[in-house]
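Participant: Take a look at this one; I'll ask things after.
The values are calculated or read from the model by the stated rules, or taken from the named source; none is laboratory data. Since the model is a prediction, treat every value here as computed from it, not as a measurement. So basically every Cβ, Gly included, is an ideal-geometry build from the backbone, and we count neighbours across all protein chains shown. Side chains are part of the model used for accessible areas, which takes the heavy atoms of the whole protein and leaves out ligands, DNA and RNA. Shrake-Rupley method; radii C 1.70, N 1.55, O 1.52, S 1.80 Å.
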Amino acid sequence: MSQRLHAFLLALTLSVGSVTATASEAKPWEQAASLYEGKDYKQAITRYEQLLQQEGPRAGIYYNLASCYYQLGDLGHARLYIERSLQLDPRDEAAQANRQLIRAKSIDRLADGKGWVERTGEQMAYALPLPLLIALSLLLFALAAAAFVRFFLVRRRSARRWSFYTGLGSLALSLFTLALIIHWVHEQHEARHRAVIIHPEVSVFASGDADAEALFSLHEGTLIRIKGEPSTALQRIPITLPDGRHGWIPSASLEYVVPRPALP
């Protein structure tokens, strides 16, 4: 059974991801959907968090949590959960559009810092699911290997030429799909270093020292990159922004896109 919540966000529809549930899961999903439709967003959040504990990370649950937090005006957690949804399912076009809506409403409105080449490569990488890309790359490599073996076995010039160009083309396509796979893997790795500001406003300091100068402020919903571990004394953590600025902020003011395991 699929659940899909529909919410109007400033006359724009923020469609909510659907997640398939078994018959035994139907009741919790229906409760969460009913709470959302009744505009009891805080209780809907509680239900979805319970589903996360029961089922583990799922893109659809994160998607719906983002919608609930948006309705409450909490852009920090709305951005956090839409990023978590996209980290699990980067091909979700609705989630990509909703991320743009949330970012447009945030105070900082920082661009992601990606150029045309990187955006184009990302679009190509996410055109197909990762398992299909892996299977396609292996198939093309096998075809290239078979064509080159045939090239050395046959005698006729026309057959050798056909085998050579078939092998060369298949190898090139295999390497291209491998590059797309590497992009997937790289983005999964990079997501572990990304975090979202969840406090309404936070000062960015020049260093992790107590007497460090405050350079500028960031606001809830801004995506940042973590550069290292927190300073021991003040628990400030080094960050960098897509526009090249960097500094230190209190680690309590952010949450990681990829949840970190709780300390024992």
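Participant: Of (1) 63, 42, 33; (2) 75, 54, 43; (3) 62, 42, 37, which is the value of Cα extents along the principal axes in Å derived from the coordinates here?
Facilitator: So the calculated entry is the one marked (2).
Participant: What full-extension length gain, to one decimal in nm, is calculated for residue 50 and residue 91 as 0.36 nm per residue of separation minus the Cα-Cα distance? It would help to have the intermediate numbers written out before the result.
Facilitator: Details: separation 41, 0.36 × 41 = 14.76 nm, distance 2.56 nm.
So the chain would gain 12.2 nm between residue 50 and residue 91.
Participant: With all protein chains present, how much of the accessible area of the range 35-151 (probe radius 1.4 Å) comes from carbon and sulfur, to the nearest whole percent?
Facilitator: On the way: 3470 of 5970 Å².
Result for the range 35-151: 58 percent of the exposed heavy-atom area is carbon or sulfur.
Participant: May I have the count of lysine pairs in the chain with C-alpha atoms under 27 Å apart, counting pairs 8 or more residues apart or located on different chains? Don't skip to the answer; put the middle values down first.
Facilitator: Details: 27/39; 27/42; 39/105; 42/105; 105/114; 105/227; 114/227.
The number of close lysine pairs in the chain is 7.
Participant: Got the relative contact order for the chain handy, in percent, Cα pairs under 8 Å and 6 or more residues apart? Could you put the intermediate results ahead of the total?
Facilitator: Numbers: 414 pairs, mean separation 40.0, N = 264.
Here the relative contact order equals 15 percent.
Participant: I would also like to ask the following. Order the peptides 145-151, 42-48 from the highest to the lowest mean number of other Cβ atoms within 10 Å of their residues.
Facilitator: On the way: 145-151: 15.7, 42-48: 19.6.
Packing proxy ranking, top to bottom: 42-48, 145-151.
Participant: Could you order peptides 130-139, 106-115 by the average number of other Cβ atoms within 10 Å of their residues, highest first? Don't skip to the end; give the middle numbers.
Facilitator: Numbers: 130-139: 14.8, 106-115: 12.9.
Result, highest mean Cβ count within 10 Å first: 130-139, 106-115.
Participant: Now for a different question. With the Cα gyration tensor of the range 133-178 giving a ≥ b ≥ c as the square roots of its eigenvalues, does the rule (a/c under 1.5 for rounded; else a/b larger than b/c for prolate; else oblate) give rounded, prolate or oblate? List each step's numbers first, then the result.
Facilitator: Values: a/c = 4.24, a/b = 2.51, b/c = 1.69.
Judged from the Cα gyration tensor, the range 133-178 comes out prolate (a/c at least 1.5, a/b above b/c).
Participant: Which of 167, 60, 247 moves most in a GNM of the chain, Cα contacts under 10 Å?
Facilitator: Of the options given, 167 has the highest mean-square fluctuation.
Participant: Here's another thing I want to ask about it. Any idea how far the Cα center of the range 189-264 sits from the one of the range 165-187, in Å?
Facilitator: With the range 189-264 and the range 165-187 each reduced to a Cα centre, they are spaced 36 Å.
Participant: Then there is this: Considering the chain as a Gaussian network with a 10 Å cut-off on Cα pairs, which listed residue, 62, 70, 165, attains the greatest mean-square fluctuation?
Facilitator: Per the Cα network of the chain with a 10 Å cutoff, 165 tops the list.
Participant: Give me the extension gain from residue 27 to residue 138: residue separation times 0.36 nm, minus the current Cα-Cα distance, reported in nm with one decimal. If you can, show how the numbers build up before the last one.
Facilitator: Working: separation 111, 0.36 × 111 = 39.96 nm, distance 4.23 nm.
Gain on extension, residue 27 to residue 138, equals 35.7 nm.
Participant: Taking 0.36 nm per residue of sequence separation and subtracting the Cα-Cα distance, how much length would be gained by fully extending the chain between residue 192 and residue 117, in nm to one decimal? Could you put the intermediate results ahead of the total?
Facilitator: Working: separation 75, 0.36 × 75 = 27.00 nm, distance 2.30 nm.
Working it through step by step, the gained length comes to 24.7 nm.
Participant: At 7 Å along the Cα-to-beta-carbon direction for both residue 252 and residue 162, put a label point, then send me their distance in nm to one decimal.
Facilitator: 7.3
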